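Read through the structure below, which is laid out as C-alpha cells, and then see the notes.
The values are calculated or read from the model by the stated rules, or taken from the named source; none is laboratory data. Quick caveat: nothing in here was measured; it's all calculated off a predicted structure. Cβ atoms come from the backbone with ideal geometry, glycine included; neighbour counts cover every protein chain shown.
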Amino acid sequence: MNKSLTERQASWLSLALIWTLLLVLAATRPLAVPDEGRYGEIGRWMLQSGDWLTPRLNGIPFFHKPPYLYWLQAMSLASFGINELALRLVPALHAGLMMLALYLSARAISTEQVARRAAIMLGTSLAFLIGGQYINHDMLVATWIGVAIWCFGFSFKAGDKPHAGLARLGFVACALGFLSKGLIGFALPGLVLFIWLIWTRQFKKVLYLPWLTGLVLFAVVALPWFVLSYQQFPDMLGYIFGTHQFQRYTGKTFNNPQPWWFYLLALLLLLFPWVLFALQQLRKPRTLSEVIPADWWRLCWAWVGGILVFFSIPNSKLVGYVLPVVPAVALLASLGWQHTLAHRRFAGKAFASLCVLAIGIAVAINYTVDDVTEVSRSKDVAAVLACEAKPADTVYVVGGYPYDLPFYLQLPTPMIVIQDWEQERKSAGDGWQRELFEAANFDAQAAKVLQSPEALTQAGAKPGNWLVGFRESGQPFEAAGWKLFFKGAGWNLYQSAGGLAAEGPEAAQQKGLPGCKHQRHK
C-alpha cells in the first residue's frame, strides 16, 4: 500500500468519524423551539395527511419557505419512524455533503493534506456539529449554494470555454437551493461568481455557458411546485417572495435586529478556533502558488466577502445565515495553517489539541442547551397527555404556541389555538401569532382552529377536552371549568369537566410516545 493511498484512507476515515459524531449529537437532545418544533411538525403533518403539495402548520397552509425540507423530512419519518433523529438526518446529510464537496474540491486544486485539514476544520466546528443537525432550512440552502459555486468554479477553470456538464450540475444545485429557501439559492452563487469572474478577468466565459439546457434543468427541478401551489393558492407567490424575501431583506420591523458586524462575530464563534488561521490569508502569501492556484484563493475570498456583505445589509440577522460561507473559510483556514504551522515539529499535536477543543465546545453546547431551553418546550406535557388522552379528544392551547407538542403527541387533528385574534391582527409583531393568522388567510376552513377566549369556557364544560397553557401567562383556567392535571417545566396541562380520561393503554398505543413518564397529578 503506497503512501498516497494511506493518506486518502486517513481522509475518508476522518470524514466518516466526524459525520458519525454529528449523528450521535443529533440523536441525544429534544426538539428546540420554535424552529425545530415548527419545521419538524410540518414534515410530520405532511406525512400524516398525505398532502405533499401544501406545507401546513397545525393544519394551516404555511408558505414561509419552499417545501424541500418538508419533503425530505416526511420521507425520513416514513423510513425511520417519528423521532428527532429522523428529522435531523435531513440537515445532517446535507452537512455531510457540504464537507464532502469541500474535501473533493480542495483535493482537486491543492494537496491531500490541505483538503483533509479543511474538511476536518469544517467538521469539528459549531457550524457543522450544531448547525449540521439543527432542523431548519439553513444548512440545506448553504450546502446547495456551496455545491453550485464549486461546480461553476470548476466549469470556468476547465479551459477557454466552461465545461458544460459541470455547469449543468451547477444549475441543478441552484434549483435545489431555490427549493430550499427561495431566491438566495441562485442569487448568492450568482453574486459570488460575478465578483470572482470580474476579479480574475474571466467574465467573457459566461457567454459560453449552456444557458438553454441549464435553465431548462433549473425550471424542471425548481418550478413545478410553485406552479401547482399558485394554482391552488394564488396569493402564495406574493407572500413567499414579497413578504418573506424582499420585505425581510429591506424591512425594519422583523425580529432579530443586529449591527452590521454581527456576522463577523457569528463566524468567529461558529468556526472557532479555525477562523483565526483564515485571517492569515487576508494578504496573499508569496508562496501561495505552491499550495493552491491564485484564482481559487480569490474565489474563496469572493465567496466569503460577497455573502457576508449581502447578509449584513438587512436589519434582521440570524446566525444560520452565515453558513453558506463556512466551506470557503475552512479552506482559507487550512491554507493559513499550511503557511504558518504545517512544517513545525509540534504541528500534529497542536492540530489534534485544537480538534479536541472544538469538539468539546460543540458537545458541551449540545448537552447544556437542553437545560437552558427546557422552560419553552412541552415534551414533558406531551408524555403525560399521550398516555391520558383518547384519540378523539381535542387539545386546546393558550398563552403561547407549543411548537413541539403536536410532534411528540403525533396528533391526528389540529390543536385549537385560543387568542384574541382580532386584536392580534391589529397589534401583533413578528411572532407566533402573526405566523398563524397570516397563514390562516390562505384557508378559511383550516383557520377555524384559531378561536377566541370565549371558546375556552364552552370547552371546559364538556368532557374529552384538554388545555395546554403557558405557565407564565398566569391565567386562572380553573374558573372556566378546567382542572389542573399536570405541572410541566414551562406548560401546564388541564382537563375539562367530565372526570378523568379513560384508564388503560389504548391512548398510549395510538400515540408515538412509549408510555406515561409521570404520575397523575392530584
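Structure notes:
- Residue identified as on the phi > 0 side of the Ramachandran plot, in the same structural domain as GLY306 (by TED's automatic domain parsing) and either surrounded by fewer than 23 Cβ atoms within 10 Å (Cβ to Cβ) or of a type in the set (Asp, Glu) (or both) among ARG168, ARG201: ARG201
- Members of region 158-216 found to be in a loop (DSSP other than H, G, I, E, B) and closer than 23 Å to VAL309 by Cα, listed by number: GLY182, LEU183, THR200, ARG201, GLN202
- Within region 130-149, the residues that satisfy the criterion of being of a type in the set (A, V, I, L, M, F, W, C) and either surrounded by fewer than 24 Cβ atoms within 10 Å (Cβ to Cβ) or outside any helix (DSSP H, G or I) (or both) are ILE130, ILE135.
- The residue of region 456-501 that is surrounded by the most Cβ atoms within 10 Å (Cβ to Cβ), among those that are at pLDDT below 90 and touching a Phe, Trp or Tyr at 6+ places or on another chain (Cβ under 7 Å), is PHE477.
- Residues of region 244-287 classified as over 30 Å from GLY431 (Cα atoms) and of a type outside the set (Gly, Ala, Ser), total: 15
- Given (1) assigned by TED's automatic domain parsing to the domain that holds ALA118; (2) not in a helix (DSSP H, G or I), index of the condition ASP51 fails: (1)
- ARG117 meets the conditions (1) within 25 Å of PRO293 (Cβ to Cβ); (2) assigned to a loop (DSSP other than H, G, I, E, B) in every case but one. The failed one is (2).
- From the options MET99, MET121, residue that is buried (at least 24 other Cβ atoms within 10 Å of the Cβ) and closer than 18 Å to TRP301 by Cα: MET121
- Flag if ALA440 is at pLDDT below 95 and more than 18 Å from ASP380 (Cβ to Cβ): no
- Subset of region 212-232 [over 25 Å from the mean Cα position of the chain (by Cα) and surrounded by 13 or more Cβ atoms within 10 Å (Cβ to Cβ)]: THR213, GLY214, LEU215, VAL216, LEU217
- Matching entry among LEU183, LEU191 (being farther than 30 Å from GLY40 by Cβ and either over 29 Å from the mean Cα position of the chain (by Cα) or not charged (D, E, K, R) (or both)): LEU191
- For region 339-363, a residue qualifies if it is at pLDDT 95 or above, over 23 Å from PHE262 (Cβ atoms) and surrounded by 14 or more Cβ atoms within 10 Å (Cβ to Cβ), and the qualifying residues are PHE351, LEU354, CYS355, ILE359, VAL363.
- Only residues that are closer than 27 Å to VAL356 by Cβ, over 29 Å from the mean Cα position of the chain (by Cα) and outside any helix (DSSP H, G or I) were counted in region 274-291, giving 1.
- Flag: ALA302 does not match the condition of being surrounded by fewer than 13 Cβ atoms within 10 Å (Cβ to Cβ), at pLDDT 95 or above and in a helix (DSSP H, G or I).
- Of the candidates SER14, SER79, the single residue that is surrounded by fewer than 20 Cβ atoms within 10 Å (Cβ to Cβ), among the hydroxyl-bearing types (Ser, Thr, Tyr) and within 27 Å of SER378 (Cα to Cα) is SER79.
- Pair list, Cβ < 6 Å and 6+ apart or interchain, from region 180-205 residues that are at pLDDT 95 or above to residues that are hydroxyl-bearing (Ser, Thr, Tyr): SER180/TYR68
- When ILE42, ILE60 are checked against the criterion of being buried (at least 22 other Cβ atoms within 10 Å of the Cβ), touching a Pro at 6+ places or on another chain (Cβ under 6 Å) and modelled with pLDDT of 95 or more, ILE42 stands alone in meeting it.
- Any hit, region 46-57, residues being more than 22 Å from the chain's Cα centre (by Cα) and without any contact (Cβ under 8 Å) to a residue 60 or more places away in the chain: yes
- Test: residue in region 329-337 that is among the polar types (S, T, N, Q), modelled with pLDDT under 95 and out of contact with any strand residue (DSSP E or B) (no Cβ under 8 Å at 6 or more places or on another chain): no
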